[in-house]
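We did not get these values from a lab; they are worked out from the coordinates using the rules stated. In this text, all values refer to a predicted model and were calculated from it rather than measured experimentally. Here the Cβ positions follow ideal geometry from the backbone for every residue, glycine too, while neighbour counts run over all protein chains shown.
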Amino acid sequence: MTVTRLSSGGPWERIYGYSRVVRAGDRAFTSGCTSTVDGRVVHVGDAAAQTAQALRIGLDALAEVGAEPGDVVRTRMYVTGRRHADEVGRAHNVVFGVVRPAATLVVVAGLLDPEHLVEVELEAYLGDR
């Protein structure tokens with residue numbers, strides 16, 4: 001099985017020792033994605049916009065290993081408060097609508113940066129590609 005590991009170049013990947021996306025055979029996985037762009041949190045206070053941004057970052061990473069949005073079979077969403085759950089779920093639906101991957105939404109005490117309201121992980125199945 002061929003394994004491909006790609007980095008986005010962000011500092012935490014080097015410091016914490018992880019890859020932004022890993023493709024192992026016919027499956028691809030992202031590490032946790034947040035609404036961090038060029039080293040700063042964007043859409044502060046807006047859970048829906050943070051979710052959309054984090055999902056775009058994850059989908060862009062998956063595209064680098066040949067996956068498309070329709071290949072996503074599982075998502076995990078970590079949300080810093082129950083009050084944000086509906087916004088996050090609805091933003092997920094806007095991105096994935098008819099794809100409808102298996103999804104988990106977990107309320108957590110906090111994320112690495114206190115301005116992050118959500119972090120997402122994506123998993124894709126690429127079949128014979």
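In whole angstrom, note down how far apart the Cα centers of segment 59-94 and segment 1-25 are. Cα centroid to Cα centroid, the span is 19 Å. For Kirkwood radius over Cα pairs in Å, the value calculated from this model appears in (1) 15.2; (2) 15.6; (3) 14.7 under label (3). Here each label is just a point 7 Å from Cα along the line to Cβ, and for R100 and W12 those points are 3.2 nm apart. Toward the positive end of the charge dipole of the chain, with +1 on the Cβ of Lys and Arg and -1 on the Cβ of Asp and Glu, the farthest Cα among F29, G9, V88 is that of F29.
The simple spin-label model puts a point 7 Å past each Cα toward its Cβ; for D26 and V44 those points are separated by 4.6 nm.
Less than 5 angstrom separates the built amide H of A103 from those of T75, all sequence-distant by 5 or more or on a different chain. The amide H of R27, built 1.01 Å from its N in the peptide plane, has L126 as neighbours under 5 Å, considering only residues 5 or more places off or on other chains.
Here the chain carries DSSP beta bridges of which approximately 80% are antiparallel, counting only pairs with both residues inside.
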